[in-house]
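Here's the structure, in C-alpha cells; my notes come after.
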Amino acid sequence: MFIRDWWLRLRHVEGCDGSVLLDGSASGPSEKDAPPNLTLRAQAFIIIENLRRLVHNACGSIVSCSDITAIAARDAVVLSGGLNYSIPLGRRDGLTFATRNVTLANLPPPFANTTTILNSLSQKGFTPTDVVALSGGHTIGISHCTSFTNRLYPSRDPTMDQTFFNNLRITCPTANSTNTTFMDIRSPNVFDNRYYVDLMNRQGLFTSDQDLYTDSRTRSIVTSFAINQTLFYQNFVSAMIKMSQLSVLTGTQGEIRTNCSRRNSNDVFVLPNIENDQEGKLASF
Ligand code: HEM
C-alpha cells in the first residue's frame, strides 16, 4: 500500500542506485534527510527493507536494494490499476549518497514552472513528452499542504479553479498547515489518466503540475493523455524504464547491500558523493 506512494517519486538524485535508502553517517546527513525528501513516508523504507529480507532469505544476497525498489515501484503501479511492464534488472547498490546541496540541485520543487522542470529533466535526457508522462505519477498519492500553499496564500493562484481553491483552503487553513490531501481529486487511488483531466479543469495541485497545461510546449501533450489513456500508459512506461536506468551501477561496481539502509562495510564511513549525475548507463538484464 505505502510502496506505491514512494519510489514513484523521482527521488534517486544520483541515479537508480538505492542512495536515498541510506542512513546518514558521521560524514554527514543522508540524502533522505535533505529537505525535498523529508516527506517520503518512513513506512516505505521499512517495507523496502522487509522485501529485501524476504528475497534474500529465499535466494541469498543476490538482489540489490535498488532492483527491489524499481520492481516495487512497478508493482505499485500495477496494483493501483496501471499497466504492467518489464524492467531491466542487474543494478547494484551505491556506496555513497548525495549531499544536501546536490539533492536540492537535482530535485525540482513543486513550485517550479514548466521551464524549470523541462530544463532540469532535459539534463538527464528526458523529452517534454517524458516529463508530462512522468508527472502522471501524481495520479495517485497524497501531498502535504506546504507543498502547494504557495498557490493558496496570500491569494488564489489565478490558474487554479475557484471551487478547487475553496476546498483546499478548508483542508489547509494556514500556509504551514501539516494536513494532507489527495493529489488526483477524481480517482486518488487509481493509476489512470484522470490527473490530466484534472489539469484541463485547472485542478492540478502543484505549480509544476498545473503549469504543464498552461505552457504551450506541453499543453497538447496533456490533452493527448487526457483523451487517450493507452497513450499515457505507453509513454509513462517508456519514461519510467528510462528513469530506472539513470546512472545505474552494474558488474563489480557498488555492492549488494545486506541491509538497505547501510552499506555492507561499516568500518568505512559512508561518504556523501560530491559528484553530480553522470551519463545514464544500461543495466544488464
Ligand atoms: C516533475 C517533478 C516532480 C515534482 C516537483 C514532484 C513533487 C512532489 C511533491 C512535492 C510531492 C508531495 C510531497 C508531500 O508534500 O508529501 C509529491 C508526491 C508524489 N509524487 Fe511527485 N514530483 C515530481 C515527479 C514525480 C514523478 C516522476 C513521479 C512518479 C513517476 C511522482 C510520483 C509521486 C507520488 C506517487 C507522490 C505521492 C507520495 C505519497 O503519497 O506519499 N512524482 N511529488
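Around the amide H of Leu249, modelled in the peptide plane, lie the amide H atoms of Arg92, all under 5 Å away and 5 or more residues distant in sequence or on another chain. The alpha carbon centroids of region 99-131 and region 65-82 are separated by 22 Å. The charge dipole of the chain, taken about the Cα centre with unit charges on the Cβ atoms of Lys, Arg (+1) and Asp, Glu (-1), comes to about 320 debye, rounded to the nearest 20. Full extension of the chain between Thr250 and Asn179 gives 21.5 nm of extra length, using 0.36 nm per residue less the Cα-Cα distance. The relative contact order of region 104-241, computed from alpha carbon pairs under 8 Å that lie at least 6 residues apart in sequence, is 32 percent.
Here the chain is treated as a sphere whose radius is the Kirkwood value from Cα pairs; by Stokes-Einstein at 20 °C and 1.002 mPa s it diffuses with a coefficient of 110 µm²/s.
Under a 5 Å amide H cut-off, with hydrogens placed 1.01 Å from N, Gly28 pairs with nothing among residues at least 5 apart or on other chains. Can you tell me the 0 to 90 degree angle between the C-alpha axis of helix 42-59 and the longest principal axis of the chain, rounded to 10? Computed tilt is about 40 degrees. Sorted ascending by nearby beta carbons within 10 Å, beginning with the fewest, Ser64, Ser216 become Ser216, Ser64. In plain terms, the chain from Arg156 to Cys59 could stretch by 29.5 nm, reckoned as 0.36 nm per residue minus the Cα-Cα distance. For Thr116 and Ile46, the FRET efficiency from 1/(1 + (r/R0)^6), where r spans their Cβ atoms and R0 equals 41 Å, is about 0.80.
Packing around the peptides 223-230, 144-151, taken as the average count of other Cβ atoms within 10 Å per residue, puts them in this order, highest first: 144-151, 223-230.
Shown here: region 125-240, whose C-alpha atoms stretch 39, 28, 26 Å along the first, second and third principal axes, sorted largest to smallest. Absence of a disulfide-compatible partner, taken as no other cysteine beta carbon within less than 4.7 angstrom, is noted in the chain for Cys16, Cys59. Residue order for Cys260, Cys16, fewest other beta carbons within 10 angstrom first, comes to Cys260, Cys16. Helix 162-171 axis versus longest C-alpha principal axis of the chain: approximately 50°, rounded to the nearest ten. With neighbours defined as other Cβ atoms within 10 Å of a residue's Cβ, the residues Phe232, Phe182 order from fewest to most as Phe182, Phe232.
How high is the relative contact order of the chain, given as a whole-number percent (alpha carbon pairs under 8 Å, six or more residues apart)? Relative contact order here is 29 percent.
Only the coordinates and a few stated rules stand behind these numbers; no lab work does. The shown structure was predicted, so the numbers you read here are calculated from the model rather than taken from an experiment. Here the Cβ is made from the backbone with ideal geometry for all residues, glycine too, and neighbour counts use every protein chain on show.
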